[in-house]
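All remarks here apply to the structure that follows.
A short reminder: the numbers here are calculations on the coordinates, not readings from a lab. Please read these numbers as outputs of a predicted model, since none were measured by experiment. Every residue, glycine among them, receives a Cβ derived from its backbone with ideal geometry; neighbour counts consider all protein chains shown.
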Amino acid sequence: AQTVTQSQPEMSVQEAETVTLSCTYDTSENNYYLFWYKQPPSRQMILVIRQEAYKQQNATENRFSVNFQKAAKSFSLKISDSQLGDTAMYFCAFEWGTGKLIFGQGTTLQVKP
Amino acid sequence: GAGVSQSPSNKVTEKGKDVELRCDPISGHTALYWYRQSLGQGLEFLIYFQGNSAPDKSGLPSDRFSAERTGGSVSTLTIQRTQQEDSAVYLCASSSGAPSGGPLGTQYFGPGTRLTVL
């Protein structure tokens, strides 16, 4: 069975600082996608970044980057220069071709002024 | 449309009533997904459509839940004889789909329908 684990239920960071959210997963598949989604209080699930498992290069999107360690089955999200608008719940998710996204439990991130 | 839309935004119903939730995917997206988000269970997959067919219905919690998709576009999730444990946010997502054997691409989510069963 595929599982996704986020071990940090809550985190906080000062505005302009850097924070890293952790995610590990378990699978026997070789071809899959990994995602980080952001869900602010408005509840709209917004894609932050995605990583294809066959790509060795870590994905980056502006202030967001990932550290993808395929052998260790680890997929952490680094947010640089944190902004107040980054306050949200962040979900790590995994998809391998069945159409089913498997989500972690989520990490609530609070950015403090 | 520009994004995935869902209606209604909020729905309050009485126990035992039937409800219908609607999802309008991104134009051109062949794959459509329903998820449920509740406090106790987190985010759960319900069902997935490729075109009008549903290859995976494994997440539907009971036979009170059903979903259909017509014209390869709009989908309706129906919950019959609602129970209080059905209270949750129901999220719809769509993706462009992909050739078989690989991941089906990035899923883009709608704003969700918050269902409250009294």
Checklist outcome for this item: Ranked from fewest to most other Cβ atoms within 10 Å of their own Cβ, A:Phe64, A:Phe94, A:Phe75 fall in the order A:Phe64, A:Phe94, A:Phe75
Next on the checklist: Springs between alpha-carbon pairs under 10 angstrom, Gaussian network model over chain B: which of B:Asp18, B:Asp63, B:Asp86 fluctuates most?
Outcome noted: B:Asp63
Item to check | Contour minus Cα-Cα distance for A:Ile46 and A:Asn31 (0.36 nm per residue) | outcome: 3.1 nm
Next on the checklist: I want the local charge near B:Asp18. Using Cβ-Cβ distances under 12 Å, sum +1 for each Lys or Arg and -1 for each Asp or Glu among the other residues.
Outcome noted: +2
Checklist outcome for this item: Per DSSP, the loop-located trypsin sites (Lys or Arg not before Pro) within region A:1-62 having at most 14 other beta carbons within 10 Å are A:Lys55
Item to check | Estimated vicinal HN-Hα couplings, Hz - region B:54-68 in sequence order (Karplus 6.51, -1.76, 1.60; Gly, Pro = x) | outcome: 10, x, 9, 10, 5, x, 4, x, 7, 6, 6, 9, 8, 8, 9
Item to check | Cβ-defined net charge surrounding A:Phe64, 12 Å radius [Lys, Arg +1; Asp, Glu -1] | outcome: +1
Next on the checklist: Given a 10 angstrom Cα cut-off, can you work out which residue in B:Ser94, B:Ser66, B:Ser75 is the most mobile in a GNM of chain B?
Outcome noted: B:Ser66
Checklist entry - Taking chain A as a Gaussian network, Cα atoms linked when under 10 Å apart, which of A:Ser42, A:Ser74, A:Ser82 shows the biggest mean-square fluctuation? => result A:Ser42
Checklist entry - Counting other Cβ atoms within 10 Å of each Cβ, which trypsin sites (Lys or Arg not before Pro) in region B:27-118 have at most 15 and sit in a DSSP loop? => result B:Lys57, B:Arg64, B:Arg81
Item to check | Residues listed by number, region B:53-81, amide nitrogen under 20 Å from A:Ala1 label point at 7 Å toward C-beta | outcome: B:56-63
